[in-house]
Each structure stands twice: as structure tokens, then as C-alpha cells.
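Written below as C-alpha cells is the structure these notes are about.
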Amino acid sequence: MYNDLLAIIGDSERVSVNETVLRNHSGGTSYHQKKNPDIVVFPRSEQEVVEIVKYAANNRIPIVPFGAGSSIEGHLTPLKGGISLDFTLMNEVIAVHPEDFVVKVQPGVTRTQLNKHLKKYGLFFPIDPGADATVGGMTATNASGTNAVRYGTMKHNVLGLKVVMADGSLVSTGGEVVKSSAGYNLTELMVGSEGTLGVFTEITLKLYGIPEATIDAKATFESVEAAAKAAELVLQAGVDIGKIELVDAHTILAVNTYNGTEFEETPTLFMEYSGTKEATEHGIALIKELMEDSGAITFKAETDSLKRAQLWEARHHAALSIVGMKPKGQLVSTDVCVPISELAVSIKYGREMLEEYKLDGAILGHVGDGNFHVVMGLNPDDEDEMQRFYDMHDKIVQFAISHRGTCTGEHGIGSGKMNYLKKEKATALPIMRAIKVALDPDNILNPGKIVER
Ligand SMILES: Cc1cc2nc3c(=O)[nH]c(=O)nc-3n(C[C@H](O)[C@H](O)[C@H](O)COP(=O)(O)OP(=O)(O)OC[C@H]3O[C@@H](n4cnc5c(N)ncnc54)[C@H](O)[C@@H]3O)c2cc1C
């Protein structure tokens with residue numbers, strides 16, 4: 001296989017069977033089972049990807065696309081060996097059309113790289129998962145982040161794709177328009193497909209103007225349930241809030257320790273409102289009123305851009321801060337999402353489960369869309385601790401599903417949540433399997449993820 005792939009790539013620096021390189025592609029950040037691929041290839045162009053996939057198809061060799069490696073549910077583990085296709089070197093912004101609010105990128109572009117590039121146009125791309133993920137990985141997991149409450153998830157912001165299918169053919173889906181009723185929506189089918197239906201080589205994204213004014217605010221509460229209730233009230237009042245993120249006292253303690261900040265160690269909502277100057281002032285005043293009505297202990301608005309950046313940087317580092325509290329800790333996380341009216345009761349249940357299973361975890365979430373995480377750092381070699389996490393995780397997922405929710409708001413299925421998908425999407429699963437069989441009959445694209453074959 002090495003010689004064949006080297007012949008396609010023509011550069012020994014970009015085809016590797018080095019043990020360390022293989023290990024670095026054995027499963028990424030995920031806490032699930034790891035396994036080395038047989039080989040790692042770093043393509044530089046779409047044509048190389050086409051040639052590699054054609055070679056894999058002719059020889060029935062599995063392929064696992066690899067972005068930044070930050071997915072959590074075992075998405076990247078090459079369960080059947082084969083080729084790990086690392087997109088790090090395909091990281092060019094291909095074209096920006098500022099007047100149309102559209103950008104075309106290669107899949108290895110990261111979200112921070114993209115936003116740095118867009119700043120000079122007064123534009124930004126809002127999807128911001130906690131890790132500096134690649135656009136390819138974010139598309140493949142239907143990622144979201146703190147901005148989802150206003151801007152949606154990747155599904156709402158990917159306009160078009162170029163996809164190498166399992167037989168090596170190159171297909172364009174969607175386009176550059178914000179709406180189209182032209183046939184089946186293959187772009188949406190591909191978003192969230194976790195490398196199991198096709199390999200993306202180009203992604204067209206929708207962009208937004210950087211708002212004239214932005215105000216951030218922080219409200220503290222006596223309990224996480226009270227904070228969740230307050231978030232519920234803001235949404236039910238129809239306030240067009242940009243971000244509303246909940247962190248519990250344990251998370252704030254970790255953030256303070258990790259970042260040297262001095263936030264009050266109590267359940268807190270971090271919020272953002274943006275728009276014109278007048279609209280923003282009005283919006284934040286309304287939010288303040290709603291927070292006070294919900295029993296907030298303190299409320300503080302922040303307009304200083306440096307302090308605002310620090311606040312969101314702290315929030316973005318929250319998960320890693322929590323893991324940093326545990327020596328040699330491995331990040332583990334739940335990811336349920338429930339309808340807004342079920343959020344407070346679900347978070348309360350999450351806290352009870354942490355206590356029942358004697359786990360030292362934190363609760364943080366994108367509560368504006370009903371999505372929250374119970375996060376901690378665990379020692380993967382401590383079987384008892386890991387089992388307690390799995391049992392707690394199971395209870396939290398079952399609770400969410402029985403409260404009209406889902407086992408995953410944004411992290412995806414990978415290999416880790418296939419059992420829950422069976423339960424949650426019992427009637428839809430045969431159709432998902434039929435799609436997989438139709439598009440990848442030899443099961444070479446990231447086998448063993450999302451649906452069983
Ligand atoms: C600290 C931390 C915080 C996080 N916070 C969030 C969050 O707020 N929101 C959120 O949604 N997620 C979050 N995540 C999870 C993770 O960042 C996302 O799932 C992200 O979208 C993965 O992107 P990646 O580039 O790392 O992809 P990878 O992990 O490398 O790959 C993810 C999946 O995409 C597939 N893939 C990659 N590139 C391609 C391609 N070119 N074509 C087809 N398939 C491809 C892979 O095969 C795999 O199935 C967090 C993770 C960490 C570690």
C-alpha cells in the first residue's frame with residue numbers, strides 16, 4: 001500500500017507509516033477505543049484526494065478523513081485499519097465574495113484561521129466549537145457552538161460542497177445561494193455524515209457582517225437550575241440574544257485556576273447581544289430586567305472589547321480547564337439537547353447523577369438551544385471511574401430522550417453513540433442504513449460509525 005500511495009502523492013514526506021504519526025491518527029481527542037491506521041496520507045489537492053479514494057475503492061481499503069482530531073465520540077478511530085486521510089495541508093481560503101457573504105475554503109482551514117482572514121472584509125463565520133476545529137471536521141459533525149442560538153449550526157451555514165464519493169467520483173452539491181429548491185438536499189445529507197458518505201474537498205460557507213455594536217453580560221445565580229430557568233425566560237420572551245452560555249461553580253473554579261481570572265465561583269450565565277448601538281443597548285436592558293425577575297444575584301454588562309474577549313476566551317477554555325484539574329485527565333463529556341422547557345429539569349438531573357455516581361464533573365452548556373454538557377477529566381486506566389461515567393452518561397441520555405431530547409446536540413454519533421441512535425431514531429435508522437449502502441456499497445468510508453453494516 002505504501003508504494004502505491006507514494007506513487008500517487010510523489011512525496012515521501014506526505015505518506016507515513018511512522019509509529020508516532022500512526023498513533024496520532026488512532027482516534028484523536030476521543031476517549032473511546034483507539035486503533036492505528038495502516039498508513040497516514042496528507043493530500044495537498046482535490047485531484048490527489050480523488051486518486052487516493054479511487055485507489056482505496058479498487059482495493060477495498062477503508063479511509064478515515066482526519067481534520068483537527070478534536071471530535072469526541074470515536075469518529076476517527078480506523079476500526080478496520082486502512083488510510084487516515086489528514087487534511088492539515090489542504091488549508092487554503094479559496095475565494096471570498098464579500099458582496100455575496102460567501103467564502104469557499106479547503107477542508108483543512110480552521111475556524112480561527114478563517115475568521116482572521118475574513119476580518120479585513122468586515123465579515124465573520126459564526127460557528128465556534130470549543131476546539132480550533134477544521135471546517136471539514138465541523139461540516140462532517142454538524143458542529144455548533146456559542147453562537148448557535150442566533151446563527152444556527154453548520155447545517156444552516158454550509159451552502160455547497162465538493163465531495164469525493166466512495167468510487168472516487170467528484171460531485172458538487174448546493175451552490176452559492178442562500179436558498180434553493182433544486183431536488184434532494186444533498187448538502188444537508190452530507191453535513192453531519194462524519195466521513196461515512198463522502199470526503200469533502202471544498203466547502204462553501206455563508207458569512208455575516210461583524211455587528212456595529214456588541215455588549216456582553218454576566219449574571220450569577222444561586223443554583224444551575226435557577227440559571228437555566230433564567231435562560232428559558234429570555235428565550236420565551238423572544239429576545240434576539242446572540243449567545244447565552246451556562247457554567248456551574250465548578251467550571252468557574254477551573255476557569256479561574258487555568259486562566260488566572262477572578263470570576264465569582266457560582267453558577268453563571270455568560271451572554272452576548274449585538275446589532276446596532278441602539279438595539280444593543282435596548283436588548284441588554286431587557287435582558288437585565290429578565291435576569292433580575294429570575295432571581296439573579298448579580299448582573300454586569302461589559303462593553304470594553306478586551307474584557308469581552310477575555311470573557312469568551314475563558315468560556316472557550318472551560319472544557320480544557322476542567323480536564324486540567326485532573327492529573328493526566330482525559331476529556332469525557334455528555335452532549336444531550338432537550339426542548340427549552342425541559343432544560344432546567346434536565347440540568348438538575350445531570351447534577352443529581354454526578355452526585356449519585358460520585359463523579360467530580362462540571363456542567364456547562366449552550367443553553368440557548370437546550371444543549372448542555374456534563375464534562376470532566378478522567379483517568380482512562382481507572383476502570384471503576386470510567387464505568388461510573390458510562391453509567392451516569394447512560395442515565396443522562398435516557399433522561400433526555402424520554403424528555404423529547406436527543407443523545408447528541410453537536411458532538412455527533414461516531415462509534416460511541418450508535419446504540420443511542422438505534423433507540424432514538426428507531427424508524428429512521430433503516431433509511432440511514434439504506435443511504436449508506438447506496439452511496440458506499442463496499443463500506444470503505446469510515447466504517448463502523450453512525451450505522452452498522
Ligand atoms: C475542548 C473541546 C471543545 C469542544 N467544543 C465543541 C463545541 O462547542 N461544539 C461542537 O460542535 N463540538 C465541540 N467539540 C467537538 C469537536 O471540536 C467538533 O466535533 C469538531 O467539529 C471536530 O472538528 P475536527 O476538525 O477536529 O474534526 P475531526 O475530529 O478530525 O473529524 C471529525 C469527523 O469529521 C470527519 N472529517 C474530517 N474532515 C473531513 C473531510 N474533509 N471530509 C469528510 N469528513 C471529514 C472525520 O472523519 C470525523 O468523522 C469540542 C471538542 C473539544 C476537544
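The values are calculated or read from the model by the stated rules, or taken from the named source; none is laboratory data. Since this is a predicted model, take the numbers as computed values, not measurements. Using ideal geometry, Cβ is built from the backbone for each residue, glycine included, and neighbour counts are taken over all protein chains shown. These accessible areas exclude ligands, DNA and RNA; they are computed on the full protein's heavy atoms, side chains included. Shrake-Rupley method; radii C 1.70, N 1.55, O 1.52, S 1.80 Å.
Kindly establish whether His373 is under 23 Å from Gly448 (Cβ atoms) and surrounded by 18 or more Cβ atoms within 10 Å (Cβ to Cβ).
no
Conditions tested, residue by residue: (1) open to solvent by 50 Å² or more (accessible area, probe 1.4 Å); (2) in contact with a His (Cβ under 8 Å, 6 or more places away or on another chain); (3) within 11 Å of the ligand (Cβ to nearest atom).
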{"site": "His75", "(1), (2), (3)": "no, no, yes"}
{"site": "Pro78", "(1), (2), (3)": "no, yes, yes"}
{"site": "Ser84", "(1), (2), (3)": "no, yes, yes"}
{"site": "Met90", "(1), (2), (3)": "no, no, yes"}
{"site": "Ile94", "(1), (2), (3)": "yes, no, no"}
{"site": "Phe101", "(1), (2), (3)": "yes, no, no"}
{"site": "Gln113", "(1), (2), (3)": "yes, no, no"}
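Condition test on Ala148, is it open to solvent by less than 30 Å² (accessible area, probe 1.4 Å) and in contact with an Asp or Glu (Cβ under 7 Å, 6 or more places away or on another chain)?
Against the criterion (open to solvent by less than 30 Å² (accessible area, probe 1.4 Å) and in contact with an Asp or Glu (Cβ under 7 Å, 6 or more places away or on another chain)), Ala148 qualifies.
Are there any pairs with C-beta distances below 6 angstrom linking a residue in the range 110-137 that is at positive phi and assigned to a helix (DSSP H, G or I) to a residue that is modelled with pLDDT under 95 and within 9 Å of the ligand (Cβ to nearest atom), with the two at least 6 apart or on different chains, and if so which?
none
Please go through the range 1-15 and pick out each residue that is within 31 Å of the chain's Cα centre (by Cα) and not in a helix (DSSP H, G or I).
Val15
For the range 327-348, enumerate the residues that are under 12 Å from Ala226 (Cα atoms) and either in contact with an Asp or Glu (Cβ under 6 Å, 6 or more places away or on another chain) or open to solvent by less than 10 Å² (accessible area, probe 1.4 Å) (or both). Explain how you work it out, then say what you get.
Within the range 327-348, the subset under 12 Å from Ala226 (Cα atoms) is 343-345, 347-348.
Listed by number, the residues that qualify are Leu343, Ala344, Ile347, Lys348.
This table checks each residue for (1) away from the ligand (no atom under 16 Å from the Cβ); (2) within 20 Å of the chain's Cα centre (by Cα); (3) touching a residue at least 40 places away in the same chain (Cβ under 8 Å).
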position: Tyr357; (1), (2), (3): yes, no, no
position: Gly409; (1), (2), (3): no, yes, yes
position: Gly412; (1), (2), (3): no, yes, yes
position: Leu439; (1), (2), (3): no, no, yes
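Starting from residues that are more than 12 Å from the ligand (Cβ to nearest atom) and open to solvent by less than 40 Å² (accessible area, probe 1.4 Å), keep the ones in the range 53-68 and report whichever is farthest from Pro447 (Cα to Cα).
Tyr55
Considering only the range 287-315, state which residues are open to solvent by less than 70 Å² (accessible area, probe 1.4 Å) and in a helix (DSSP H, G or I).
Passing the criteria: Ile287, Leu290, Met291, Arg308, Ala309, Leu311, Trp312, Ala314, Arg315.
Any residue in the range 288-312 that is at positive phi sitting within a Cβ distance under 8 Å of a residue that is among the charged types (D, E, K, R)? List the pairs, counting only those 6 or more apart or interchain.
Gly295/Glu222
Which ones in the range 163-179 are part of a strand (DSSP E or B) and more than 10 Å from the ligand (Cβ to nearest atom)?
Leu170, Val171, Ser172, Thr173, Gly174
I'd like to check something: does the range 16-24 contain any residue that is free of Cβ contacts under 8 Å to residues at least 24 places away in the same chain, away from the ligand (no atom under 12 Å from the Cβ) and either part of a loop (DSSP other than H, G, I, E, B) or on the phi > 0 side of the Ramachandran plot (or both)?
yes
Yes/no per residue for (1) small (Gly, Ala, Ser); (2) modelled with pLDDT of 95 or more; (3) part of a loop (DSSP other than H, G, I, E, B):
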| residue | (1), (2), (3) |
| --- | --- |
| Ile363 | no, no, no |
| Pro380 | no, no, yes |
| Met392 | no, yes, no |
| Val397 | no, yes, no |
| Ala400 | yes, yes, no |
| Lys423 | no, no, no |
| Pro430 | no, yes, no |
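Listed residues Val17, Val50; which is open to solvent by less than 40 Å² (accessible area, probe 1.4 Å), of a type outside the set (Asp, Glu) and modelled with pLDDT of 95 or more?
On the way: Val17 fails: open to solvent by less than 40 Å² (accessible area, probe 1.4 Å).
One residue alone meets the criteria, Val50.
I'd like to check which strands (runs of 3 or more DSSP E) are fully inside the range 180-263 and have at least 1 residues that are within 14 Å of the ligand (Cβ to nearest atom).
Once the strands (runs of 3 or more DSSP E) in the range 180-263 are filtered for at least 1 residues that are within 14 Å of the ligand (Cβ to nearest atom), what remains is 199-206, 243-247.
Return a yes/no flag: does the range 3-12 have any residue that is under 22 Å from Asp442 (Cα atoms), among the hydrophobic types (A, V, I, L, M, F, W, C) and within 16 Å of the ligand (Cβ to nearest atom).
no
Over 30 Å from Pro447 (Cβ atoms), of a type outside the set (A, V, I, L, M) and surrounded by fewer than 24 Cβ atoms within 10 Å (Cβ to Cβ): which single residue out of Thr251, Thr220 fits that description?
Thr220
What number goes with the only condition from (1) β-branched (Val, Ile, Thr); (2) outside any strand (DSSP E or B); (3) under 16 Å from Thr204 (Cα atoms) that Val149 does not pass?
That leaves (3) as the condition not met.
It is to be established whether one or more residues within the range 52-65 are farther than 30 Å from Gly209 by Cβ and within 20 Å of the chain's Cα centre (by Cα).
So far as the range 52-65 goes, yes, one or more of its residues are farther than 30 Å from Gly209 by Cβ and within 20 Å of the chain's Cα centre (by Cα).
Could you look through the range 115-147, keep only residues that are farther than 22 Å from Phe87 by Cα and basic (Lys, Arg), and pick out the one that is farthest from the ligand (Cβ to nearest atom)?
Filtering first and then ranking leaves Lys120.
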